[in-house]
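Asks: What follows is a single structure, and I will ask about it in a moment.
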Amino acid sequence: MAPIIGITSSYDQEAGRIFLPRYYIDAVAAAGGVPMVLSGVLSATMVDQILDSIDGLLLSGGVDVDPLLFGEEPEPGMGEICPERDQFELSLSRRALTMDMPLFGICRGIQVLNIAAGGTVLQDISTAVQNPLKHHQRAPRWYGTHTIKTLPGSKLAAILGGQMAVNSFHHQAVGRVAEGFKVTAWSADGVVEGIESIEHKFVLGLQCHPECMWEHDQRIFGLFKAFIAAAKISN
């Protein structure tokens, strides 16, 4: 049977609206998974039941994470936060890690994954990084505007190769990497672009938005297929 992939969603607090860009759903379905959109504001008490119903977890992009959750005070460059989503996704991620469930974090998702495992986030690249690249592109979402290099021997290197151009829509990034994880991709300015667990079968995060690129680059599509394959083994 095709594995069921839970995909976290965003919450518009003013409109009371749950939403998720279709890119994620299409990428998972094309790679052979059954997408299941998870409300971003469910209670942490529902985490075990949710995870019992899925075979893999995809943490999607979205607004910033509350820095108090990783032991820091908010800096001026920090953006919008969603406390309900933060609490739900961190609980979901921590439990998924204890289960060794295949987990793929995208953009905000890589940051949530790192925080859940004990790491931190750079609240604003423009002030935290010396001579930063442009990390919020003004180009089509499917188009790669800066390159990343991958760590030889890593899952990302095996799938994406040693270097490739990726899209970029973020002003935050992984800071201190959580114990049990390693950096497996980075941009020319040193910003972390990928992390992987060294303790789990398939747990990784990517700072770019591969869900917008898979139809244009077979390497990116291979990343989704590897994730779905790992979820299929676990179901």
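Asks: Select, from Leu38, Leu58, Leu42, the only residue that is in contact (Cβ under 8 Å) with a residue 24 or more places away in the chain, farther than 27 Å from Glu199 by Cα and hydrophobic (A, V, I, L, M, F, W, C). Step through it out loud before you land on a result.
Replies: Details: Leu38 fails: farther than 27 Å from Glu199 by Cα; Leu58 fails: farther than 27 Å from Glu199 by Cα.
One residue alone meets the criteria, Leu42.
Asks: Now for a separate question. Quick one: which of Gly119, Gly161 is more than 23 Å from Glu179 (Cβ to Cβ), touching a helix residue (DSSP H, G or I) at 6+ places or on another chain (Cβ under 9 Å) and among the small types (Gly, Ala, Ser)?
Replies: Answer to the check: Gly161.
Asks: Show the residue pairs meeting these rules: Cβ distance below 6 Å; 6+ apart or different chains; first residue within region 6-26 and of a type in the set (A, V, I, L, M, F, W, C); second residue open to solvent by 60 Å² or more (accessible area, probe 1.4 Å).
Replies: Every condition considered, the pairs that remain are Ile7/Val37; Leu20/Val37.
The values are calculated or read from the model by the stated rules, or taken from the named source; none is laboratory data. Keep in mind that this is a model prediction, so the values were computed, not measured. Virtual Cβ from ideal backbone geometry, glycine too; neighbours counted across all protein chains shown. In case anyone asks, the SASA skips ligands and DNA or RNA and just uses the protein heavy atoms, side chains included. Shrake-Rupley method; radii C 1.70, N 1.55, O 1.52, S 1.80 Å.
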